[in-house]
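Just below is one structure, and these are the notes that go with it.
The values are calculated or read from the model by the stated rules, or taken from the named source; none is laboratory data. The structure displayed is predicted, hence computed values, not measured ones. Note: ideal-geometry Cβ built from the backbone for every residue, glycine included; neighbour counts use all protein chains shown. Ligands, DNA and RNA are stripped out before the accessible areas are found, and what is left, the full protein with its side chains, is counted by its heavy atoms. Shrake-Rupley method; radii C 1.70, N 1.55, O 1.52, S 1.80 Å.
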Amino acid sequence: MKLLKNLLKSPMFVAGITLFLGTIILALIGPLTYPITLERVGSQYSTPFGRFFLGTDHLGRDYISLLLRGLRASLYVGFLAGTIATTIGTLLGIYGGFKGGIIDDMINMITNLFIVIPSFVVLILISGSFEDGRSLTLIGLIIGLTTWPWTARAVRAQSAAIKSKDHISLARINGDGTLLVLLKHILPYLASYVFMVFILQVASGILSEAAISMIGLGPLDSISLGTILNQAKNNGALGDGVWWAFIPSTIMITVIVFALYLINTSAEGVFNPRLRK
Amino acid sequence: MTLFEVEQLSLHYLTRFGEKIHAVTDVSFTMKKGEILGIAGESGCGKSTLVNGLMGLFIPPLYPTDGIVKVAGESLMNRTPEDIRKNVLSRKVSMIPQGAFNALNPTRKIKDIAADVIAAHMKDIDRKAIHTRLRERFDLFGMNTEKVLNSYPIQLTAGERQRSVIGISTLLNPRMVIADEPTSALDVSTQKIVIKMIFNLLEKEIFSTMIFITHELPLLRHVADTIAIMYAGEFVELGTAEQIIFDPRHPYTKALMGAMLSAEAGQKQKKPTAIEGAPPNLAKPITGCRFAERCPVAKPQCHHTKQNMRIIADRQVRCEYAQ
Amino acid sequence: MLKQYPSLRYILQRGVWYLLTFAVAVIINFFLPRLGSHNPVDIIMGKFSAGMSSEAARAKEEAYLKEFGLVKVRNGEILRDAAGKPLKTSNTEQFVNYIKMCFKGDLGTSFQKYPKKVLQVIIEAIPWTIALQLPTILLGWITGNVLGALAAYRRGAFDRVLFPAALFISALPSFVFGMLLLYYFSVVMNWFPAMGGYADAIVPSLSFEFIQSAAYHYLLPFLSIFCILAGGQAIGMRSMGIYELGTDYIKYAKWLGLKESRIIGWLFRNAMLPQLTGLALSLGTMIGGALITEMIFSYPGLGMAILTTIQNNDYPMIQGCTLLITTSVLLANFTVDILIGFLDPRVKAGLRIGKGN
Amino acid sequence: MLNKNSIFAANNCTREFGTGKKIVRAVDNTTFSIESGEIVSIVGGSGCGKSVLAKMMLGLYKPTDGTLLYNNAPVTNTKIHWREVQAVFQDPFSCFNQFFTIRSQLKDAFGILQEKPSHKEIEKRIDNALLAVNIKPHEISGKYPFELSGGQMQRMLLARIFILRPKVLIADEPTSMVDACVRANILDYLMKLKEELKMTIVFVTHDIGLAYYVSDRLFIMHNGRIVEQGTPDEVTLSPRSEHTVRLLEDIPEIHRAWIC
């Protein structure tokens, strides 16, 4: 509670959370209040502020509908990837750091391996081979499964540091088992850190999806902010000066990611006393 | 000759939420050449804050509330940080921090850190002169000079690190040295070596006076000429080492001395003094005596009348009822 | 034997570890594209066989199968069963062949630019990518770190402006930033060319004209990568710097009355060490990193090449490129590991006592 | 040397950390015994291995060589062992989980008991234990560790011992983080535990004066070895080991010349 109060005192946090909640509300409520249609409704590239507030795309589809869908898809991918990466990274990190020994060495080795093999490469290779079923969920899954190592490494270091604290010894002579020690006596100490990592992972998930869509390996089953950009690029919107084809979605991506960065940074200032000044 | 003078110095912190914390209140003392003043008190009593104030180093959120600090007649108050840096630090007043390991830049060799200090305060001195000077100085410390100077902090033992820090702090022959628990992280044997080195430097007049801060009273008995006992930001008793250790007058000093245990015949029958409770919260204004809550001999009026320093039996005591 | 040479032992240890990682990377590189339900040739044939005579299609398919090592080959001829159908290779055989070819430096033949070798395509594209990326990354890294260190040390107004700006800039994906730059400066204002690495009319040579044209085409892609990289680095450096500022050795330096410039120097050096890892990562992903930026600006580098290969399912090319990217990332990481080992006495001392790292 | 009735008996007990060339021998070939009902102090400087030895007696570390017996059976890391052997540690703040209230954490201590008492009984025993360390139950109700003072927190650790009533208490530097005036209180409670519950206490400290005051026997530890053991008077007044002699010489005492 006190934490939340301190967070709300930070203007950066308030700005970040407002922007972020705004995009979430837009993604959730938007489709309920706006008649979404993905059919051709107008002529190719009709200009904004006319019949269609944000104009239409090269197929004559309404951009507001596309953007609302795309926003939803991008947030979904971000949260899916962020959740997977944070969960795997946190679990492996906490366990490895606490257990030590051979198990820790093995986890460490796998982590280091995944860190140096660029996840973007894995994304390209996998996305390429799943030609038919390249769904939004699959892409989120792949992003999550390739970005956990940084989390694991950082969490491991912290878990290993907490392990030698006295309250762990006390918990053990209270007879608490490993699982209870991990969940009750280590995880809460890492919670703020894990939260910040999660925020960053969500942001990087959204960025990764946009990037992968941009090179033409995006989801085949849905429209995301990345695929909108990709189609704008492929259909010469840039050269033709059709700004409404890419500016609204670039703004959306940037605003979400910026909001998440703001939340992360301001939270770090509150959680980490060293940065308080 | 008075070398160092502190008059009614009070210092406060401003917290992020605008609260004032009066970490140091009404501290006065004077020191002569060759003298060592020991300051003793529990952790959190304001010792470390006092150190910054005594150097004239007021870096936010620390601010002077009141009072004067003078080194050899020259005031350190109301001066710009750059003026203090250039003319006071290292040259007039120097500091020996606790925990030498963290105080030394881990990625610099001892000789480079030391050279930086000389270069910061002396113009037109070439590298060669700096290094000759360093070698001459470090030869006094009873270590392998070449090895220590050419090592990174991590390559040295705890004792070598602490001696290097003392060496670096006293390179420019400061008048006053303030040592904040310089030996608390060392084992007892190394502590003895380091204290001997400090005495040696004082004898050679590399520095002229010293404030030695620690919570270890037996050590102070052997190191300090005069001792000040600090409680909740105030000096509660100030006298010679003999007076404070063997004949304490303030109830808090009495309690501290009574709680001391030593491995000597007959000590087993002694009953150490016990006082419960903790020092008051300095963020709130305190009207009465700060020790009143825990004082075994407190009178009702102690809780709301401020106690001032007065002279009893040749030393200063902040208690109207002490005898 | 190596006891007297802790540094050499350290290098060897790290080297062996990176070799192992490389082996794993090669395996991943081989198996991942084969994860899907179809083999790559099926996918390609599905796309391109339309309109071909069945004879031509079969010949083409067999050529692809051969190139991709999916059928058994002896003396350049496809081995066939009694019915004349090509004999399929097992995964293990394919893998062995793949490794053999890798060792020979043969990354296969491009499907799309058949019969051009993959290696050749890469060699043609790579100078452009390096020319675009290397200076950009180095400059961006240095600028970002200097700004970050200053922001950490000065705080105040400088930090209040720089920090949110850097945060905002690093929230922009570099390709989005590239698109905006391109749209405004070339399409709207028409100040800069929108496409390519040089004007179409000029033949690449060392002439003044060519260099001028290349520089002209260079500026926008450069800016789009530079700003974002510098922003990200500034944020990282700032928080490292603030962390270092709170350490006892900086407090001690202030107590000793060291000059501000010297303290910033200390701060910069110590906060920079972890930042080196970031540099390694950027340099390592350099080859694949600006893929999309190159695509936006139609820059003739490797990114563009990778993009077209992906769009055309040119598997030998994809594998060749990913292998190249992985190798460069590993090499960059290895270099930084070694570098940090020598620059940071904490790690160095650890080697000597046999502790740490 | 080994007594059949000893509560703890160590025979060439050794503990190493790390592997290969990085091996550090924290406890080196120690042989000793501790009898039921006595207070034994293990005294030594930082890094001498005294805390590792204490954690071994608690079953938190296993010996890598030699044996460490509790009541003639090897020390285990099970609830059965912890029902009889309990500990208080140095830093009371880091001993409690800051995310839960003190009271709920005192309640957690009941986890090791074979039969958990009724809810009412638990509350009653906690209240009694709090009163035993001179704290009124309402003073800490609903409070989290960071809301109490160091002295109060150290007493919470002792209250936990009053709740569990173990046979042996391992006290690892229990007074080094508290204010000198509060220290005597902590010592009083330790004495009370010994008197009332006939507890055996192993007191780990770097402060030889304190050890001299509280213990029946002293072990002096240096570099992982026990270099001397005996009654406080034997060890401090007529030390035989050179390490003890040096240790005593180097400790500043108010009544003895220290630096000549």
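Only residues that are outside any loop (DSSP other than H, G, I, E, B), open to solvent by 70 Å² or more (accessible area, probe 1.4 Å) and among the acidic types (Asp, Glu) were counted across the stretch B:6-36, and they come to 1.
Residue by residue through the stretch C:156-172, note down the ones that are open to solvent by 60 Å² or more (accessible area, probe 1.4 Å) and more than 28 Å from the chain's Cα centre (by Cα).
Keep residues of the stretch C:156-172 that are open to solvent by 60 Å² or more (accessible area, probe 1.4 Å), which gives C:157-158, C:160-161, C:168.
Of everything in the stretch C:156-172, those that are open to solvent by 60 Å² or more (accessible area, probe 1.4 Å) and more than 28 Å from the chain's Cα centre (by Cα) turn out to be C:ALA157, C:PHE158, C:ARG160, C:VAL161.
Scan the stretch B:137-154 residue by residue and report those that are closer than 22 Å to C:PHE342 by Cα and of a type in the set (Ser, Thr, Tyr).
Here is the first cut: in the stretch B:137-154, the ones closer than 22 Å to C:PHE342 by Cα are B:146-154.
B:SER151, B:TYR152 - these are the residues of the stretch B:137-154 that are closer than 22 Å to C:PHE342 by Cα and of a type in the set (Ser, Thr, Tyr).
Screening the candidates B:LYS33, B:LYS86 for the property of being basic (Lys, Arg), out of contact with any strand residue (DSSP E or B) (no Cβ under 8 Å at 6 or more places or on another chain) and over 22 Å from B:HIS12 (Cβ atoms) yields one hit, B:LYS86.
Which residue is surrounded by the most Cβ atoms within 10 Å (Cβ to Cβ), if the candidates are limited to the stretch C:13-23 and must be more than 12 Å from A:MET109 (Cα to Cα) and not small (Gly, Ala, Ser)? Explain how you work it out, then say what you get.
First pass over the stretch C:13-23, keeping only residues more than 12 Å from A:MET109 (Cα to Cα): C:13-16, C:19, C:22-23.
Narrowing the set further to residues that are not small (Gly, Ala, Ser) leaves C:13-14, C:16, C:19, C:22.
On the way: C:GLN13: 14, C:ARG14: 16, C:VAL16: 10, C:LEU19: 12, C:PHE22: 18.
Here the answer is C:PHE22.
Here B:ILE110 clears all of (1) more than 9 Å from every other protein chain (Cβ to nearest Cβ); (2) in contact with a Lys or Arg (Cβ under 7 Å, 6 or more places away or on another chain) except the condition numbered (2). Within the stretch D:70-101, the set of residues being part of a helix (DSSP H, G or I), surrounded by 18 or more Cβ atoms within 10 Å (Cβ to Cβ) and at pLDDT 90 or above comprises D:HIS81, D:TRP82. Candidates are the residues of the stretch D:68-104 that are among the polar types (S, T, N, Q) and in contact (Cβ under 8 Å) with a residue 24 or more places away in the chain; the one that is farthest from A:HIS185 (Cα to Cα) is D:ASN72. Suppose we keep only residues that are open to solvent by 10 Å² or more (accessible area, probe 1.4 Å) and not in a helix (DSSP H, G or I) within the stretch C:277-309. Which one would you say is farthest from the other protein chains (Cβ to nearest Cβ)? Top of the filtered list is C:PRO300.
Among the helices (runs of 4 or more DSSP H) lying completely within the stretch D:131-237, list those that include at least 1 residues that are buried (at least 22 other Cβ atoms within 10 Å of the Cβ) and not hydrophobic (A, V, I, L, M, F, W, C).
The qualifying helices (runs of 4 or more DSSP H) are D:150-164, D:180-197, D:208-214, D:232-237.
A Cβ distance below 8 Å, combined with a sequence gap of six or more or placement on separate chains, defines the contacts here; from the stretch A:6-21, residues that are within 10 Å of another protein chain (Cβ to nearest Cβ) and more than 13 Å from A:ASN264 (Cβ to Cβ) reach residues that are in a helix (DSSP H, G or I) and open to solvent by less than 20 Å² (accessible area, probe 1.4 Å) in the pairs A:ASN6/A:VAL270.
If I filter the stretch A:201-213 for residues that are within 8 Å of chain C (Cβ to nearest Cβ) and under 21 Å from A:SER46 (Cβ atoms), do I get at least one hit?
If we filter the stretch A:201-213 for residues that are within 8 Å of chain C (Cβ to nearest Cβ), which is where we start, we get A:203, A:207, A:210-211.
Of the ones still in play, those that are also under 21 Å from A:SER46 (Cβ atoms) are none.
Scanning the stretch A:201-213 turns up no residue that is within 8 Å of chain C (Cβ to nearest Cβ) and under 21 Å from A:SER46 (Cβ atoms).
The set of residues in the stretch D:27-57 being of a type outside the set (Val, Ile, Thr), open to solvent by less than 40 Å² (accessible area, probe 1.4 Å) and farther than 19 Å from D:ASN5 by Cα consists of D:ASP28, D:SER41, D:GLY44, D:GLY45, D:CYS48, D:GLY49, D:LYS50, D:LEU53, D:ALA54, D:LYS55, D:MET56. With respect to being part of a loop (DSSP other than H, G, I, E, B) and either buried (at least 17 other Cβ atoms within 10 Å of the Cβ) or touching a Pro at 6+ places or on another chain (Cβ under 9 Å) (or both), B:ALA322 fits the description. B:GLU234 meets all of the listed conditions (1) more than 7 Å from chain D (Cβ to nearest Cβ); (2) charged (D, E, K, R); (3) open to solvent by 10 Å² or more (accessible area, probe 1.4 Å); (4) in contact with a Pro (Cβ under 9 Å, 6 or more places away or on another chain) but one, namely (4).
Quick one: in the stretch A:22-39, of everything that is closer than 17 Å to A:TYR63 by Cβ and β-branched (Val, Ile, Thr), which residue is most open to solvent (accessible area, probe 1.4 Å)?
Step one: filter the stretch A:22-39 for residues closer than 17 Å to A:TYR63 by Cβ, giving A:23, A:26-27, A:30-31, A:33-39.
This time we only want the ones that are β-branched (Val, Ile, Thr), so: A:23, A:33, A:36-37.
Working: A:THR23: 17, A:THR33: 108, A:ILE36: 48, A:THR37: 43 Å².
Looking at residues that are closer than 17 Å to A:TYR63 by Cβ and β-branched (Val, Ile, Thr), I get A:THR33.
Screening B:ARG108 with (1) assigned to a loop (DSSP other than H, G, I, E, B); (2) open to solvent by 20 Å² or more (accessible area, probe 1.4 Å); (3) modelled with pLDDT under 90; (4) closer than 30 Å to C:LEU343 by Cβ gives one miss only, at (3). What number goes with the only condition from (1) closer than 20 Å to B:ASN105 by Cα; (2) buried (at least 21 other Cβ atoms within 10 Å of the Cβ); (3) in contact with a Gly (Cβ under 8 Å, 6 or more places away or on another chain) that B:VAL194 does not pass? Status for B:VAL194: all satisfied but (1). B:PHE291 meets all of the listed conditions (1) without any contact (Cβ under 8 Å) to a residue 60 or more places away in the chain; (2) in a loop (DSSP other than H, G, I, E, B); (3) at negative phi but one, namely (1).
In the set B:GLY167, B:GLY142, which member is free of Cβ contacts under 8 Å to residues at least 60 places away in the same chain, more than 14 Å from chain C (Cβ to nearest Cβ) and out of contact with any Asp or Glu (no Cβ under 9 Å at 6 or more places or on another chain)?
B:GLY142
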